[in-house]
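*Asks:* After the structure tokens below, expect a handful of questions from me.
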Amino acid sequence: MRLRSLAAGAIALAATTVALAGVPASAAADPAAKIGPGLNTPGQHRVVIELNTSSASADAAKTEVKAEALSGGEDIVKPPTQVADRTNFLVATETYDNLVKIAESANVVGIRKDKLNSPSLVRSIPIIGADKAHAAGVDGTGSSVAILDTGIDEDHPFLAGRIADEACFSAIDDEGTESLCPSGAPFQIGLGSANAETDKCMKNVQPADKFGICDHGTHVAGIAAGKKADDKLPANGVAPGAKIVAVQVFTRFNRTDYCGGAASTPCVLAYDSSILTGMAYVSAVAEKYRVAAVNLSLGGGKYDTYCDEGDGADFKKAVDKLLGQNVATVVAAGNEGFDASVSWPACVSGVVTVGSTDVAYKAPTWETFTDDVSSFSNRGVMLDLFAPGWPIFSSVPTNAYAGFGGTSMAAPHVTGAFAVMAQKTNGGKVPTVLAALKRTGKPITYASAGKQVTTPRLDLASFFAAQPTPTATPTSSASPTPSAAPNDPTKSLPIAEVESGDTVKSTGGPSGDDNPAPATCKRGSGKNSLNAAKWAAQVKSGKAATIKCYLSIVDKGSKVFSEVTGANTAAKAYKVLKGKNALDRELLAAWLNYAHGVYNTSSKVHGSTTFAKAVATAEKYRSGGTAAQVKKATAFLAAYVNK
């Protein structure tokens, strides 16, 4: 018997539990009732063992079940620390008789097969109106999208400079499988760990796999958040201002029986456990990177009703955990052409299920398109949205571009849209944002199950024209979702609704970064601007609550602070204000002067140049300007804003 990996950890459970096979935990009197279908056959089975991880029994459950599963004496692969406390299941390879023994434990909720999933196989941006959002200065800046897929081409020009984090959960089961983590281990975390150009991805593959077997994830990431870098692709992705969290969840299979024949071997497939571990990782970093949505362009099977029990029980918990963090889970509906059905995990309630429509371009303007439901797309009442899915041009490994088609390509349009909406609505709740996208989408009516069904096709242009802005509600008082400043300097920043006459009073508490901002955090009523050195002195003076409030205001308005510099605490802000980066010093001082009430966005700081234009220009040069432009912006802020 072989216990494969505790790295298959997903999301911490609530005290109540549901058996994976749809049988309540009270069925413990019959251990076999906890075991899912398809496992009562000869041989060994790779399974997911869900544990009762209520606070009182979590350690006991893991210890007892590991001891039983390891009675054959094999080693345990310990999970990465980033998801260890979110583990609620084990992955083991066992015979049915041993599974029955394991199921006798009261700490085992259910046992099911660890299924395999395949990838669901830009000029579509004007179709969904994302170009209109970009023109209005709303491009997803201030948030991130998580792409759980086949990795990413890290140095691709379309994605350069915006990959915030990477992880790899690539389970291996026998001699016919290989981890796609660069280290060769079943998991790896950190920049470089989701590299889609490793030898395992690029070498000893079929000639048809021109861009390797890990090309899918780079294509998906480009649709969601690519940024035009050259003339090879004359458009941005949906949210070119968003950051990317790339998570590799696939495994290389060298077996013809899994890949569908010699002509398609090797291939990539993803275990359920790897996907769930990837979702656990996104949950762990969601606040740090302000993840707006996680994209899952993968799946398999056929479901005509919600699958929240059985195979979907553990995934449902993961989805709900992310939803509680205000992170949307966007899933491709599947490419089997099913009527009134979708694939797993698109069948789980709470996900945003996306089908595909066709795109027909007319050269040279590329302006003509159709909205026919793609012949391959699953469809029906379980869909939330359609988006363009055939053919879609995007980034692929080796710094190239290619056209792919599928609901895999439709889903990241919606994922990117959630990043755009996170900026536009200042962190609106996922259900409210989804309702707005559905309400303003273009109605697509088609026949399904003998009746006419209407599913909206994503249309950001319609949303921006109608301006039905959802209520901005942070996910919790501890982790608000701020919005970044629009690119258009003539527009008011999200925080400009607070008048400069409002005041902030220090709570008088002790200094230090743990001292919270006042419950009512508003801009100050200052009259005189301060330079960086004087602001550093103010930060050090002990008015921690006031500074904390000001930094939270800066965080909501700026593209640089705190996401890029990390200056979200008094101590870190002090380091920036006293640091060697002159432009960062002047930018932070300028934003603090704004928070102090010295300037409004429309205040003229020099000639016709407003405060908003001055900081927008400086932040633009900081992210991609020449040395001369950076020097000029630094001097301007020092002379006219922080005087």
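The values are calculated or read from the model by the stated rules, or taken from the named source; none is laboratory data. If you're wondering where the values come from, they're calculated on a predicted model, not measured in any experiment. Here Cβ is always computed from backbone atoms with ideal geometry, including for glycine, and neighbour counts include all displayed protein chains. Surface areas here come from the heavy atoms of the whole protein model, side chains and all, with no ligands, DNA or RNA. Shrake-Rupley method; radii C 1.70, N 1.55, O 1.52, S 1.80 Å.
*Asks:* For the stretch 116-157, enumerate the residues that are touching a Ser or Thr at 6+ places or on another chain (Cβ under 8 Å), at pLDDT below 95 and of a type in the set (A, V, I, L, M, F, W, C).
*Replies:* Within the stretch 116-157, L121, V122 qualify.
*Asks:* Separate question: What are the residues in the stretch 385-403 that are of a type outside the set (A, V, I, L, M) and surrounded by fewer than 22 Cβ atoms within 10 Å (Cβ to Cβ), if any? If you could, list the steps in order and put the result at the bottom.
*Replies:* Filtering the stretch 385-403 down to residues of a type outside the set (A, V, I, L, M) leaves 386, 388-391, 393-395, 397-399, 401, 403.
Listed by number, the residues that qualify are P391, T398, N399, Y401, G403.
*Asks:* Here's something else I'd like to know. Just to be sure I understand, how many residues within the stretch 625-643 are touching a strand residue (DSSP E or B) at 6+ places or on another chain (Cβ under 7 Å) and open to solvent by less than 30 Å² (accessible area, probe 1.4 Å)?
*Replies:* Result for the stretch 625-643: 1.
*Asks:* Could I ask something else about it? Only one of R622, R585 is at pLDDT 90 or above, open to solvent by 50 Å² or more (accessible area, probe 1.4 Å) and of a type in the set (D, E, K, R); which?
*Replies:* R585
*Asks:* Any residue that is more than 21 Å from V319 (Cα to Cα), modelled with pLDDT of 90 or more and open to solvent by 60 Å² or more (accessible area, probe 1.4 Å) - is there at least one of those in the stretch 456-475?
*Replies:* no
*Asks:* Do the conditions hold for A340, that is, is it aliphatic (A, V, I, L, M), open to solvent by 10 Å² or more (accessible area, probe 1.4 Å) and closer than 23 Å to T454 by Cβ? Walk me through how you get there before you give the answer.
*Replies:* Working: aliphatic (A, V, I, L, M): yes; open to solvent by 10 Å² or more (accessible area, probe 1.4 Å): yes; closer than 23 Å to T454 by Cβ: yes.
Taking the combined requirement at face value, the residue satisfies it.
*Asks:* Does D139 satisfy the condition of being part of a loop (DSSP other than H, G, I, E, B) and among the acidic types (D, E)?
*Replies:* Details: part of a loop (DSSP other than H, G, I, E, B): yes; among the acidic types (D, E): yes.
Criteria met by D139.
*Asks:* Which strands (runs of 3 or more DSSP E) sit wholly inside the stretch 378-444 and have at least 1 residues that are within 22 Å of D320 (Cβ to Cβ)? Walk me through how you get there before you give the answer.
*Replies:* Numbers: elements: 385-390, 392-396, 400-404.
Answer list for the stretch 378-444: 385-390.
*Asks:* Another question, if that's okay. Which ranges mark the strands (runs of 3 or more DSSP E) fully within the stretch 159-275 that have 1 or more residues being modelled with pLDDT of 95 or more and open to solvent by less than 10 Å² (accessible area, probe 1.4 Å)?
*Replies:* Working: elements: 163-169, 177-179, 187-189, 243-248, 251-253, 267-271.
Ranges flagged: 163-169, 177-179, 243-248, 251-253.
*Asks:* Within the stretch 606-616, restricting attention to residues that are among the hydroxyl-bearing types (S, T, Y) and out of contact with any Pro (no Cβ under 8 Å at 6 or more places or on another chain), which residue is surrounded by the most Cβ atoms within 10 Å (Cβ to Cβ)?
*Replies:* Here is the first cut: in the stretch 606-616, the residues among the hydroxyl-bearing types (S, T, Y) are 608-610.
Keeping just the survivors that are out of contact with any Pro (no Cβ under 8 Å at 6 or more places or on another chain) gives 608-609.
Numbers: S608: 7, T609: 16.
Checking each candidate, the answer is T609.
*Asks:* Sticking with this one: Of everything in the stretch 286-297, what is assigned to a helix (DSSP H, G or I) and closer than 18 Å to K317 by Cβ? Give them in sequence order. Give the derivation first.
*Replies:* Looking only at the stretch 286-297, we keep the residues that are assigned to a helix (DSSP H, G or I), and these are 286-289.
Answer for the stretch 286-297, where residues must be assigned to a helix (DSSP H, G or I) and closer than 18 Å to K317 by Cβ: just A286.
*Asks:* Looking at the stretch 301-324, can you tell me whether even one residue there is within 23 Å of P397 (Cβ to Cβ) and not in a strand (DSSP E or B)? Quick ask: steps written out before the conclusion?
*Replies:* From the stretch 301-324, those within 23 Å of P397 (Cβ to Cβ) are none; that's our starting set.
The answer is no; no qualifying residue exists.
*Asks:* Could you list, in sequence order, all residues of the stretch 593-607 that are among the polar types (S, T, N, Q) and assigned to a helix (DSSP H, G or I)? Let's see the steps before the verdict.
*Replies:* Restricting attention to the stretch 593-607, the residues satisfying the condition of being among the polar types (S, T, N, Q) are 593, 600-603.
Correct list: N593 only.
*Asks:* Let me ask another. Note down all Cβ pairs under 9 Å where the first residue falls in the stretch 294-323 and is within 20 Å of L51 (Cα to Cα) and open to solvent by less than 10 Å² (accessible area, probe 1.4 Å), the second is of a type in the set (D, E, K, R) and assigned to a loop (DSSP other than H, G, I, E, B), and they're at least six residues apart or on different chains.
*Replies:* F315/D308
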